[in-house]
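First up is the structure itself, then whatever we jot down about it.
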Amino acid sequence: MNQANTSSVSLNATALTGGQAVLVLDAHGRIELASPGAASLWQAKPAELAGDHLPNLFAFDVTSRDADWLQAQWEVLLAAALPQSIPLKLQPKEAAAFDALLRLEPASAEPARYFAFLSRPAPAAAPAAVPGTASAEESSLIAALNDRSPLGFFDLNFVKQEVYYSPAWKRMLGYTDSSLANTYDTWLALIHPEDSAAAPDKLASRAGATTGSRSFSVEYRMKHARGHYVWVQGVGVQLHGPNGALQRVVGAHLDIHDRKEFEETSLHAEERMLLLSERGRVAVFDLDFTDNHSWLSPAFKAMLGYAETELPDSPDSFLRALPATETTGGLAAYFLKPFPGQAVYYDTLQLTHRNGSSLWVYAGVVRVISRKRELQRVIGFAAPMPEGLAAASGLPADQLAIALDELHEGVLLADSHANVIHANTVAQRLLGREAGQLVGQSVVDVFRLVHRLSHAAGENPFDRALAFGEATPLNNEFALDCGPDQKPVPVVYSCRAIADPSGTPLGAVVVFRNPDEMSLTPEELIRANRFDSLGQLAGGIAHDFNNLLTTILGGVSLAKDNRDYSGLENSERACLAAKGLSKQLLAFAKGGTATRQVVKPGELLTDAVRLSAAGSAVKVELNSPADLGTVEVDRAQMLQVFQNLVINAIQAMPTGQGNIWVTAGNVALTEGQIPPLAAGQYMAVEVRDNGCGIKAEHLQRIFDPFFTTKKTGTGLGLATVLSIIKRHGGQLGVDSEVGVGTTFTVFLPRVDQEAEVEARRAPSFHYANRTGRVLFMDDDPEISYLTGTMLEGLGYKYDLAKNGEEALQFYKRYLNIGRPYDAVIMDLTVIGGMGGEQCFKHLRDLDPNVRAIVASGYDNDDMARQFLDMGFCGYLTKPYRIGDLGRVIKKVLGN
């Protein structure tokens, strides 16, 4: 033990047990221990002072619970009181503030700790203070605040005609210290004309005549050096003379521009909803199945024939407007049934008017469904349908035929005896027969399939659907046999059974189309191709994960069996690599967000190559120069582009082995060089392989949807690639030679911007009484035990809960004694119990200031943002290390 630590231990033992007033502080000024003498000064128990910040125990002219402000005050106190005693106003718990002396001494170096010695000043005749002047100690405090604090301080002395703005005050408005004059005219020139009443002298006149000091906190706009206005919050103290005249204003500016922008955005959204639902007479509904906070717009009630006050805002009101035969399972089941797997859907609904008549509406519905597949909320609109269309929504047989005839696919319906009961117009055309020649015929005779290549007869999909209830997924291997004198018509089809509630097939339907007539929207191409690519990636991903798991298991086994810890570092790296691989896979499966960002192509290509080449024996070389320009793209969609190109190149290797070269570079194109691209600066990526090449007769069709020469392919890959690239203002070129290989070249316009780095401002919380205790909730006992050990290693006390119910009990217990947890960390999904999301809602009802952190295995930025917007303070991704856990807690607590 070194000398400093030895002295600190002996001093700690004597001072803390004696009558001397001593505090032990950590590196951030937070109280760890308090002597009985110190506790008596503040009229508190020693345990009650633990966890509080030292600056909170004294009276200052300007006070705040803001974490940044407390840190700045601590740094000033540390600089002023470390070498000598300084006078301060000590603020007891109940009594009035009194004079005290504070002296700080180092207690230990690692970790940094300090002793705070407190005493009352010796009685002495003090010289009369000159009004409006500051002592040497106060001056040193102000100077330190100016140098170290992120806040902008100001001092307006109207008696002496002296004005001071700190450098931080000027920087907040875009000025340097020397470029802005320290005059009151400067303030008046910068404040927004509409906010001039918030000027310090105007505040005094509005408050009326007063004497002494008066605190204030106002929000207003100040003009930035670049010409725009920024929102600031001014907090401080006004000093008035005996005659009520304003003599001096001292305070600080806080930048609240981001908060005000959020508030204005929320107000605009609320105003738009108000205009649509009330003045615009749009029928809107919001049905909450968890908190019973439902709402039916006045227009919705009027549509059903009710005045605004006659129909309650409740799910029951909506339920009574629906046909009883369709809602036997309740309202939640009614909304869960249609379009499974889709959060948003559009459908026709039959409602009952107040007068008993049927009212057909076209509705758009947004469903909020929990991970347990429970309906939590439904938001939507309803628009009455014209009379001519309303009858069709009932779907009687004749109207059903009209609706099916509008489809671009052939639809063939058969009953349980495999006889055709309906064929729409497209089905009649593709089968070469009219409806009268089809209805009543055996579907086996009508819908005959032959293999496109071998011309062998194929199994009829209706047989499997009616006999076993099995569905046939999308298939493109067969053609329709239209008779001996007719050429087979290629089709893409799917088939499924129509069953009763018990699962007994009542019939079957096949939907089919000629692929030569197909045209998909870009969104359909991207979505369909993504699932196709995921299937191709699955094998390679499993191979890479097994390799990583081998490294992890090997390192753990050596440590456990042989006490050889040398492999644990490699195990840790393998865990992080597996975490990164799963994050890439989740991002790819999720697809694009319709939001483009400026990215570095090199990083994008590295991710694409790693994921698409996983488990492959093909050697992929990536050449991406450091000076490669940036591009503005939907990152997930562009990742899909390059993964498709690399996957195609890998599949082009006849023996499963070969080489692929991915080369990126900056190019300048002239007008007409690469039609239809305009002249300009582009980024070009070349994907070249030495595979089998593409035949000349196929080269012109490779970008057509559903064209493929692969046995298991869908023909969507290159069509998707070309669609995405064109939507980004680029172009795709191809050059191929049979037996030599193929080269695809992607051109994307460069942008003159730096790559975006997403950063979230660290939260600042106004909490003072820290307890050093954390609540962790997870239904996995091993994760709970491991995390508890981590928390103990970080210096936190902790409690473990296995579900939300236990977590609520723990939180209530400590909240009732005024010692709430510093943070609550919760898993989202708990089997057989309350999960983290529902528990958080109850916790916030108990304590609006609860600081909750999500612990989730879903490493996804959009999901993290969703829960942060919900009110969670942090997002911890599994698996995590002790450092990851410590960082997220520190960030949430504002340390």
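The values are calculated or read from the model by the stated rules, or taken from the named source; none is laboratory data. Note that the structure is predicted; figures quoted are calculated from it, not measured. All Cβ positions, even for glycine, are placed from backbone atoms using ideal geometry, and neighbour counts span all protein chains on display. Note: areas computed on protein heavy atoms with side chains; ligands, DNA, RNA excluded. Shrake-Rupley method; radii C 1.70, N 1.55, O 1.52, S 1.80 Å.
Computed quantities for the displayed model
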{"item": "For E603, solvent-accessible area (1.4 Å; no DNA, RNA or ligand), Å²", "result": "110 Å²"}
{"item": "Overall dimensions of the range 783-878 by Cα: Rg and Dmax, Å", "result": "12.9, 38"}
{"item": "Packing-based order for 97-103, 321-327, using average beta carbon neighbours within 10 Å, highest first", "result": "97-103, 321-327"}
{"item": "I882 accessible area, 1.4 Å probe, all protein chains in place, Å² to nearest 10", "result": "80 Å²"}
{"item": "Euclidean distance between Cα centres, the range 844-894 to the range 66-99, Å", "result": "32 Å"}
{"item": "Cut-off under 5 Å, modelled amide H: who pairs with A855 long-range", "result": "M826, D827, L828, L876"}
{"item": "Protection-proxy order for peptides 329-342, 632-645, each taking the mean of Cβ atoms within 10 Å per residue, highest first", "result": "632-645, 329-342"}
{"item": "Compactness of the range 430-486 as Cα Rg over 2.2 N^0.38 Å, two decimals", "result": "1.20"}
{"item": "Dipole axis of the range 790-879 (+1 Lys, Arg; -1 Asp, Glu on Cβ), positive-most option in V850, F840, C873", "result": "V850"}
{"item": "Cross-link pairs beyond the 31 Å C-alpha cut-off, checked among K797/K878; K260/K372; K260/K802; K372/K878; K337/K487", "result": "K260/K372; K260/K802; K337/K487"}
{"item": "Nearest-0.05 FRET efficiency for F703 and L453, computed from C-beta distance (R0 22 Å)", "result": "0.50"}
{"item": "Protection-proxy order for peptides 254-262, 23-31, 655-663, each taking the mean of Cβ atoms within 10 Å per residue, highest first", "result": "23-31, 655-663, 254-262"}
{"item": "Filter on K600/K695; K812/K841; K160/K223; K223/K891 - keep pairs with C-alpha separation over 25 Å", "result": "K600/K695; K160/K223; K223/K891"}
{"item": "Gained length - D177 relative to D627, 0.36 nm times residue gap less alpha-carbon distance", "result": "158.3 nm"}
{"item": "Normalised per residue, the volume of the convex hull around the Cα set of the range 598-694 (Å³)", "result": "106 Å³"}
{"item": "Y114, Y345, reordered so the largest accessible area comes first (probe 1.4 Å)", "result": "Y114, Y345"}
{"item": "Length added when fully stretched, R573-T670, from 0.36 nm per residue minus Cα-Cα", "result": "30.2 nm"}
